[in-house]
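This report concerns only the one structure given below.
The values are calculated or read from the model by the stated rules, or taken from the named source; none is laboratory data. Values in this document were obtained by computation on a predicted structure and should not be read as measured data. Counting neighbours? That spans all protein chains shown, and the Cβs are built from the backbone with ideal geometry, glycine included. For accessibility, only protein heavy atoms count, side chains too; no ligands or nucleic acids. Shrake-Rupley method; radii C 1.70, N 1.55, O 1.52, S 1.80 Å.
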Amino acid sequence: MAKKLKDHVVEGNNIQLRKNIDKIIKKSKFISRWITKNIERSEKSVLLSNILNAMTEYLEVSKLSIEQHISILALSTRSIYELNVRLRTLINDEEQKKWASESVTDKVQTLEGILSLGTEGENCQQRLILENEIKRLQQLTIKYNLPIIKQPAATGILAKTVDLESEHKGLFKLFSKLVHPSSYLVNDYGNAASSENRKILQIHAQLYAHDIVTRLCEDLDIPFEVSKPYGTEEA
(Lines give C-alpha, C1' and ligand atoms only; values in the text may rest on other atoms or scores of the structure.)
Protein backbone atom coordinates (compact mmCIF):
# COMPACT_ATOMS: atom_id res chain seq x y z
CA MET A 1 0.00 0.00 0.00
CA ALA A 2 1.11 3.56 -0.59
CA LYS A 3 0.39 4.38 3.05
CA LYS A 4 0.76 2.36 6.23
CA LEU A 5 -2.00 1.45 8.68
CA LYS A 6 -0.85 4.05 11.21
CA ASP A 7 -1.28 6.78 8.58
CA HIS A 8 -5.03 6.16 8.52
CA VAL A 9 -6.14 4.32 11.64
CA VAL A 10 -5.78 4.40 15.41
CA GLU A 11 -7.46 2.07 17.86
CA GLY A 12 -10.92 3.05 19.10
CA ASN A 13 -14.22 1.57 20.28
CA ASN A 14 -17.21 0.41 18.22
CA ILE A 15 -18.97 3.77 18.44
CA GLN A 16 -15.91 5.52 17.07
CA LEU A 17 -15.50 2.84 14.42
CA ARG A 18 -19.05 3.39 13.14
CA LYS A 19 -18.46 7.14 13.03
CA ASN A 20 -15.27 6.74 11.06
CA ILE A 21 -16.77 4.31 8.57
CA ASP A 22 -19.63 6.79 8.16
CA LYS A 23 -17.08 9.51 7.38
CA ILE A 24 -15.60 7.45 4.54
CA ILE A 25 -19.09 6.63 3.26
CA LYS A 26 -20.15 10.27 3.34
CA LYS A 27 -16.96 11.39 1.58
CA SER A 28 -17.30 8.69 -1.08
CA LYS A 29 -20.91 9.62 -1.82
CA PHE A 30 -19.92 13.28 -2.08
CA ILE A 31 -17.18 12.43 -4.59
CA SER A 32 -19.57 10.21 -6.56
CA ARG A 33 -22.11 13.03 -6.85
CA TRP A 34 -19.37 15.44 -7.88
CA ILE A 35 -18.20 13.08 -10.63
CA THR A 36 -21.74 12.78 -12.01
CA LYS A 37 -22.15 16.55 -12.16
CA ASN A 38 -18.68 17.62 -13.27
CA ILE A 39 -16.92 14.89 -15.26
CA GLU A 40 -17.88 14.00 -18.80
CA ARG A 41 -19.31 10.50 -18.93
CA SER A 42 -16.86 7.99 -20.38
CA GLU A 43 -16.17 4.28 -20.05
CA LYS A 44 -13.39 5.06 -17.56
CA SER A 45 -15.42 7.44 -15.40
CA VAL A 46 -18.35 5.01 -15.31
CA LEU A 47 -16.23 1.98 -14.38
CA LEU A 48 -14.33 3.86 -11.66
CA SER A 49 -17.52 5.39 -10.27
CA ASN A 50 -19.10 1.95 -10.14
CA ILE A 51 -16.15 0.68 -8.10
CA LEU A 52 -16.45 3.65 -5.73
CA ASN A 53 -20.20 3.10 -5.31
CA ALA A 54 -19.76 -0.64 -4.74
CA MET A 55 -17.06 0.05 -2.16
CA THR A 56 -19.43 2.41 -0.37
CA GLU A 57 -22.11 -0.29 -0.19
CA TYR A 58 -19.63 -2.81 1.23
CA LEU A 59 -18.61 -0.24 3.85
CA GLU A 60 -22.26 -0.11 4.87
CA VAL A 61 -22.09 -3.89 5.32
CA SER A 62 -18.89 -3.50 7.37
CA LYS A 63 -20.63 -1.03 9.65
CA LEU A 64 -23.63 -3.32 10.15
CA SER A 65 -21.36 -6.30 10.80
CA ILE A 66 -19.51 -4.83 13.79
CA GLU A 67 -21.38 -6.99 16.29
CA GLN A 68 -22.61 -9.67 13.88
CA HIS A 69 -21.19 -12.98 12.63
CA ILE A 70 -17.57 -12.41 11.63
CA SER A 71 -18.13 -13.99 8.19
CA ILE A 72 -20.15 -10.88 7.26
CA LEU A 73 -17.26 -8.59 8.16
CA ALA A 74 -14.82 -10.89 6.37
CA LEU A 75 -16.95 -10.84 3.22
CA SER A 76 -17.19 -7.05 3.16
CA THR A 77 -13.45 -6.62 3.78
CA ARG A 78 -12.59 -9.16 1.12
CA SER A 79 -14.90 -7.40 -1.34
CA ILE A 80 -13.36 -3.98 -0.67
CA TYR A 81 -9.90 -5.50 -1.12
CA GLU A 82 -10.92 -7.09 -4.44
CA LEU A 83 -12.35 -3.77 -5.63
CA ASN A 84 -9.05 -2.13 -4.72
CA VAL A 85 -7.09 -4.68 -6.74
CA ARG A 86 -9.45 -4.26 -9.69
CA LEU A 87 -9.16 -0.48 -9.59
CA ARG A 88 -5.36 -0.75 -9.76
CA THR A 89 -5.61 -2.83 -12.93
CA LEU A 90 -7.73 -0.30 -14.83
CA ILE A 91 -4.73 1.64 -16.07
CA ASN A 92 -5.54 1.68 -19.79
CA ASP A 93 -8.37 1.34 -22.28
CA GLU A 94 -7.65 -2.34 -22.92
CA GLU A 95 -8.00 -3.31 -19.26
CA GLN A 96 -11.11 -1.18 -18.92
CA LYS A 97 -12.72 -2.97 -21.88
CA LYS A 98 -11.85 -6.35 -20.36
CA TRP A 99 -13.53 -5.36 -17.09
CA ALA A 100 -16.61 -4.09 -18.91
CA SER A 101 -16.77 -7.30 -20.95
CA GLU A 102 -16.59 -9.40 -17.80
CA SER A 103 -19.98 -8.01 -16.87
CA VAL A 104 -21.45 -9.64 -19.97
CA THR A 105 -19.66 -12.91 -19.21
CA ASP A 106 -20.96 -12.84 -15.64
CA LYS A 107 -24.54 -12.31 -16.81
CA VAL A 108 -24.29 -15.12 -19.34
CA GLN A 109 -22.85 -17.54 -16.79
CA THR A 110 -25.56 -16.56 -14.29
CA LEU A 111 -28.32 -17.28 -16.83
CA GLU A 112 -26.65 -20.55 -17.82
CA GLY A 113 -26.61 -21.50 -14.17
CA ILE A 114 -30.33 -20.77 -13.85
CA LEU A 115 -31.04 -22.87 -16.93
CA SER A 116 -29.03 -25.77 -15.55
CA LEU A 117 -31.17 -25.75 -12.39
CA GLY A 118 -34.40 -26.07 -14.37
CA THR A 119 -36.62 -29.13 -14.20
CA GLU A 120 -38.16 -31.11 -17.04
CA GLY A 121 -41.56 -29.65 -16.29
CA GLU A 122 -40.34 -26.07 -16.46
CA ASN A 123 -42.18 -23.71 -18.82
CA CYS A 124 -40.51 -23.94 -22.26
CA GLN A 125 -41.34 -20.30 -22.92
CA GLN A 126 -39.38 -19.22 -19.85
CA ARG A 127 -36.38 -21.24 -21.00
CA LEU A 128 -36.60 -19.69 -24.45
CA ILE A 129 -36.58 -16.19 -22.92
CA LEU A 130 -33.40 -16.98 -20.99
CA GLU A 131 -31.73 -18.57 -24.03
CA ASN A 132 -32.56 -15.54 -26.18
CA GLU A 133 -31.18 -13.22 -23.52
CA ILE A 134 -27.92 -15.17 -23.53
CA LYS A 135 -27.69 -14.76 -27.32
CA ARG A 136 -28.43 -11.03 -27.02
CA LEU A 137 -25.70 -10.55 -24.44
CA GLN A 138 -23.17 -12.46 -26.52
CA GLN A 139 -24.00 -10.26 -29.51
CA LEU A 140 -23.29 -7.14 -27.42
CA THR A 141 -19.61 -8.04 -27.22
CA ILE A 142 -19.49 -8.03 -31.02
CA LYS A 143 -21.51 -4.83 -31.38
CA TYR A 144 -19.29 -2.86 -29.01
CA ASN A 145 -16.06 -4.62 -29.99
CA LEU A 146 -15.47 -5.94 -26.49
CA PRO A 147 -12.85 -8.64 -25.87
CA ILE A 148 -14.24 -12.13 -25.40
CA ILE A 149 -13.81 -13.12 -21.76
CA LYS A 150 -14.44 -16.83 -21.31
CA GLN A 151 -13.62 -16.82 -17.60
CA PRO A 152 -13.20 -13.73 -15.37
CA ALA A 153 -9.67 -13.38 -13.99
CA ALA A 154 -9.16 -14.53 -10.41
CA THR A 155 -8.16 -11.87 -7.90
CA GLY A 156 -4.93 -13.72 -7.17
CA ILE A 157 -3.85 -13.39 -10.79
CA LEU A 158 -4.78 -9.71 -10.84
CA ALA A 159 -2.88 -9.13 -7.59
CA LYS A 160 0.32 -10.37 -9.23
CA THR A 161 -0.03 -7.80 -12.01
CA VAL A 162 -0.21 -4.92 -9.49
CA ASP A 163 2.56 -6.16 -7.17
CA LEU A 164 0.24 -7.32 -4.40
CA GLU A 165 1.00 -11.04 -4.60
CA SER A 166 2.54 -11.32 -1.12
CA GLU A 167 -0.19 -9.22 0.49
CA HIS A 168 -2.83 -11.22 -1.34
CA LYS A 169 -1.54 -14.55 -0.06
CA GLY A 170 -1.64 -13.35 3.54
CA LEU A 171 -5.08 -11.80 3.33
CA PHE A 172 -6.69 -14.70 1.49
CA LYS A 173 -5.50 -17.19 4.07
CA LEU A 174 -7.59 -15.19 6.54
CA PHE A 175 -10.51 -14.56 4.18
CA SER A 176 -10.80 -18.21 3.13
CA LYS A 177 -11.14 -19.37 6.73
CA LEU A 178 -13.62 -16.69 7.80
CA VAL A 179 -15.84 -16.17 4.74
CA HIS A 180 -16.53 -19.87 4.13
CA PRO A 181 -17.81 -22.36 6.76
CA SER A 182 -14.34 -23.76 7.41
CA SER A 183 -13.68 -26.14 10.29
CA TYR A 184 -12.00 -23.25 12.09
CA LEU A 185 -15.07 -21.03 11.77
CA VAL A 186 -17.59 -23.77 12.57
CA ASN A 187 -15.78 -25.71 15.32
CA ASP A 188 -13.76 -22.92 16.93
CA TYR A 189 -15.91 -19.83 16.40
CA GLY A 190 -14.74 -18.14 19.60
CA ASN A 191 -11.17 -17.92 18.36
CA ALA A 192 -12.16 -17.37 14.73
CA ALA A 193 -14.25 -14.37 15.77
CA SER A 194 -11.65 -13.03 18.20
CA SER A 195 -11.24 -9.30 18.71
CA GLU A 196 -7.83 -9.58 17.02
CA ASN A 197 -9.30 -11.05 13.84
CA ARG A 198 -12.11 -8.51 13.83
CA LYS A 199 -9.63 -5.68 14.25
CA ILE A 200 -7.50 -6.89 11.33
CA LEU A 201 -10.57 -7.03 9.10
CA GLN A 202 -11.89 -3.65 10.25
CA ILE A 203 -8.55 -1.96 9.73
CA HIS A 204 -8.04 -3.39 6.26
CA ALA A 205 -11.58 -2.54 5.18
CA GLN A 206 -10.91 1.11 6.02
CA LEU A 207 -7.40 1.11 4.61
CA TYR A 208 -8.39 -0.30 1.23
CA ALA A 209 -11.42 1.99 1.10
CA HIS A 210 -9.18 5.02 1.70
CA ASP A 211 -6.84 3.80 -1.02
CA ILE A 212 -9.70 3.40 -3.49
CA VAL A 213 -10.81 6.97 -2.86
CA THR A 214 -7.26 8.32 -3.23
CA ARG A 215 -6.47 6.41 -6.42
CA LEU A 216 -9.81 7.18 -8.04
CA CYS A 217 -9.42 10.90 -7.38
CA GLU A 218 -5.94 10.83 -8.89
CA ASP A 219 -7.07 8.82 -11.93
CA LEU A 220 -9.96 11.21 -12.65
CA ASP A 221 -8.01 14.39 -11.81
CA ILE A 222 -10.51 15.40 -9.16
CA PRO A 223 -9.63 18.80 -7.58
CA PHE A 224 -8.07 18.85 -4.12
CA GLU A 225 -10.97 20.77 -2.61
CA VAL A 226 -13.15 17.77 -3.46
CA SER A 227 -10.67 14.99 -2.72
CA LYS A 228 -8.80 16.54 0.23
CA PRO A 229 -7.98 14.19 3.15
CA TYR A 230 -10.60 13.81 5.83
CA GLY A 231 -8.69 12.97 8.96
CA THR A 232 -7.21 10.04 10.83
CA GLU A 233 -9.59 7.12 11.19
CA GLU A 234 -10.06 4.72 14.08
CA ALA A 235 -10.29 0.94 13.98
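Could you rank E102, E218, E40 by how accessible they are, 1.4 Å probe, largest area first? Numbers along the way, then the final one.
Numbers: E102 15, E218 120, E40 155 Å².
Ranking E102, E218, E40 by accessible area, largest first, yields E40, E218, E102.
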Query raised in the report: Helix 124-143 sits at what angle to the longest principal axis of the chain, using alpha carbons and giving 0 to 90 degrees rounded to 10?
Result: 70 degrees
Report task. Work out the FRET efficiency for E225 and I66 from their Cβ-Cβ distance, taking R0 = 25 Å, and round it to the nearest 0.05. Result -> 0.20
Report summary line: Helix 43-64: inclination vs the chain longest Cα principal axis, degrees, rounded to 10, gives 60 degrees
**Report entry** Cross-link partners of K199 among lysines (Cα-Cα below 17 Å; sequence separation of 8 or more within a chain)
**Finding:** K4, K6, K19, K63, K173, K177
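R0 = 35 Å: FRET efficiency of I157 with I129, Cβ-based, nearest 0.05? Before the final figure, lay out each step's value.
On the way: r = 34 Å, r/R0 = 0.99.
So the FRET efficiency works out to roughly 0.50.
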Requested in this report: Just read off the accessible area of L130 with the full protein assembly in place, 1.4 Å probe, to the nearest 10 Å².
Outcome: 40 Å²
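Rounded, prolate or oblate, given the Cα gyration tensor of the stretch 17-66, with a/c below 1.5 counting as rounded? The partial results should precede the final answer.
Working: a/c = 4.87, a/b = 2.11, b/c = 2.31.
In terms of gyration-tensor shape, oblate.
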Query raised in the report: Most fluctuating residue of Q139, Q109, Q125 in a GNM of the chain with Cα springs under 10 Å: which is it?
Result: Q125
Requested in this report: Give the shape of the stretch 124-166 as rounded, prolate or oblate, defined through the alpha-carbon gyration tensor: a ≥ b ≥ c are the square roots of its eigenvalues, a/c under 1.5 means rounded, and otherwise the shape is prolate if a/b is larger than b/c and oblate if not.
Outcome: oblate
Query raised in the report: With a ≥ b ≥ c the root eigenvalues of the C-alpha gyration tensor of the stretch 41-102, is it rounded (a/c under 1.5), prolate (a/b larger than b/c) or oblate?
Result: prolate
Requested in this report: Note down the nm distance, to one decimal, between modelled labels 7 Å out along Cα→Cβ at N53 and at H180.
Outcome: 3.2 nm
Report summary line: Read-out Rg and Dmax of the Cα atoms in Å, candidates (i) 19.9, 61; (ii) 21.1, 79; (iii) 18.3, 60; calculated match is (i)
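Under a Cβ-Cβ cut-off of 13 Å, what is the net charge of the residues other than T56 that fall near it, where Lys and Arg count +1 and Asp and Glu count -1?
Working: positive: K23, K26, K27, K29, R33, K63; negative: D22, E57, E60.
Value of the local net charge: +3.
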Query raised in the report: Helix 70-89: angle to the longest alpha-carbon principal axis of the chain, degrees 0 to 90, nearest 10?
Result: 70 degrees
